[in-house]
Structure formats: C-alpha cells, structure tokens
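Report on one structure; see the data block that follows.
Every read-out reported here was derived from the displayed coordinates using simple, explicitly stated rules and does not represent laboratory data. Quantities reported herein were computed from a predicted structural model and do not represent experimental measurements. Because the Cβ atoms are built from the backbone with ideal geometry, glycine has one as well, and the counts that use them run over all protein chains shown.
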Amino acid sequence: MPALSYVHQLFSADTCQTYLRALRWKERPLQCPRCQRHAVGLWGTYHYRPGLKRYWCHGCRRTFNDLTNTMLAQSKRSLPHWILATFLLCLSCSSRRIARELGVHIRTSYRWCWWLRNAAVSYETDRHVEGTVEADELYHTAGRKGQAPHGGKKSLGRRPRGRRKKREPGRGHYDKDRPAIIAWVSRQGAVVIQGVRDFTVKTVQKAANLAVQAGSRLYTDSASSYRALQGYLHEYVNHTQKEYARGDVHENRAECLFSLLKPYLRVFVASAKRTCLGI
Ligand SMILES: [Zn+2]
C-alpha cells in the first residue's frame, strides 16, 4: 500500500472541521456571509456532517455554516477528502495518484485539482511585487496536450505513446513547444510566476509591467532582454563569467524557486501550452 495512504488516518472529520473553522474565521468574530452582520448565534449541528456547526443569523434570519459560500459547500464528499486532496496536490501528486489515494473517480480528482488551483490563483490575479525583486526564467516543455487542432476532443486513433516531448537546443518559445516561465521573486516574500510565449525584449517588458511595481530594484542574470528593461533600477550578475553574487546583487531566491518548481512540474509528464498567458 502506498505510504501516503496512512496519512488518511490522521484526518478525522472533527479535526478537519476545527481546522477549517480556524482558517476561515481566524481571530475575527463570526459574520454572516450573506448580509455581513455579526449578530449570529449557534444553531445546532448536522447529523449527516459530523463536526460541522450551524449558525443562525439574526439579520437575514437564515442559517449558515463554516462552508457556506465556499467551493466545498455543496460537495457530497466529506471534508477529510478535500483536505487530503489539497495536501496531496501540494506534494505534487498527479490527479491519477490523488484519485487512487482518495478512492474517487479519476474525473472527480481531475476536476478537484482544477478547482483547487483556480481557487488558489483567484485570490490575487493582479499581484504586484515591489522593493527588491529578483527575476529568472526557465523553459518548460509544453505541447498541445489533450487538444485537437481545431478544438473538440482529440482522436489519436491509437494508444498514446506516453513519451515526453523531445527537447530542441537553444532558447525555447511558444512555437517550439517550449514556452518560457518567468518568476519575479520579491525579497519581501511575494512571488509572481508568469508563463510567456517567448523571451523577447517586448514580451519581458510587458510581463515586468504587469508583475513588478515601477521603480523597484531588479536583480537578474545577464540575459539581454532583462538589460533592455525600462522603468526599474536594474543590476545583473554575469553567469558566463562565473559571477553568481556581487554583494547584495544575486538571484539565488529565484533560482531556488525554480529548483522547487521543476520537480513539481515534472510529475505532470506533459503540460498544455494553452495554459500560457497571451503575453
Ligand atoms: Zn445574515
């Protein structure tokens, strides 16, 4: 039996509900998610959902619980299922693996993975990093996974070969099926990762304008697209001359981020390049 299955036993419905309650309300007082009033009281529990508390709002005279207005509100699966799915997704498990561990259908786990990722991204779609920002890029193999040339369902007419796409030498771009991924890592902690079609000056400038506050201090490697950037206090280290740090100037945080991102992406044998931004 896979080792991860044992983790399942650590989650009981009550533990998960308590955890979620703490996550949702933190130190704030309870608030009705419909009318935003604080005049609420307890209203029993659900016999079919152990641990989930129900509240009564004196304002709109309706009940709500810890899951109201969240993605999990209408789910027929229990909360431990969802928490374990999120946990496994963060460990870079594929949706097939998650389906196996949870005992749900593969389509269910695939849908859940999309919902969870979208929920994570939707919190801050227009995040700007500022202060001292490091930037680096990587090229990730991505193809027309699961896509017919003119839309619709792809018919291969044979079993898929299940081989990775072969790499071509040189810098990648969208048409070579190797779009770039740029990471902007603020030294204050925030990170923005963008998928872009290529790595030209125009594209990088556009990506920087979207992700980095103008006037920020920018540390990168010596790629010419970064050197042409305008609107930032830019300094770079020259990797070809074996220079990786010059005092405060380095991009080790960005490199570190990629060293974690690469094994995460490797699990998903192929990526769909339609997920790239249109930059
Ligand atoms: Zn209310």
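Things worth noting here:
- Calculated [θ] (222 nm, deg cm²/dmol) that DSSP helices of n ≥ 4 give over the chain, each run adding -39,500 (n - 2.57): -9000 deg cm²/dmol
- Gyration tensor over the Cα atoms of the range 167-261: the corresponding equivalent ellipsoid has semi-axes (square roots of 5 times the eigenvalues, largest first) of 20, 16, 14 Å.
- Value of Rg to Rh for the chain (Rh from inverse mean 1/r over Cα pairs, i.e. Kirkwood): 1.04
- Cα centroid of the range 34-59 to Cα centroid of the range 72-147, whole Å: 29
- Calculated FRET efficiency for the pair Cys90/Asn252, C-beta based, R₀ 30 Å, to 0.05: 0.80
- The mean sequence separation of alpha-carbon pairs under 8 Å and at least six residues apart, normalised by the residue count of the chain, gives a relative contact order of 16 percent.
- Counting every alpha-carbon pair across the range 171-218, the share separated by more than 15 Å comes to 46%.
- Taking every alpha-carbon pair in the range 50-115 and binning the separations at 5 Å intervals from zero gives 3, 16, 26, 18, 13, 10, 7, 5, 2, 0 percent.
- Cα-based Rg of the range 1-117 normalised by 2.2 N^0.38 Å, two decimals: 1.19
- Computed from the C-beta positions of Arg61 and Tyr19 and an R0 of 30 Å, the FRET efficiency is 0.55 to the nearest 0.05.
- Computed FRET value (nearest 0.05) for Lys53 with Val121, which takes r as the C-beta separation and R₀ as 30 Å: 0.55
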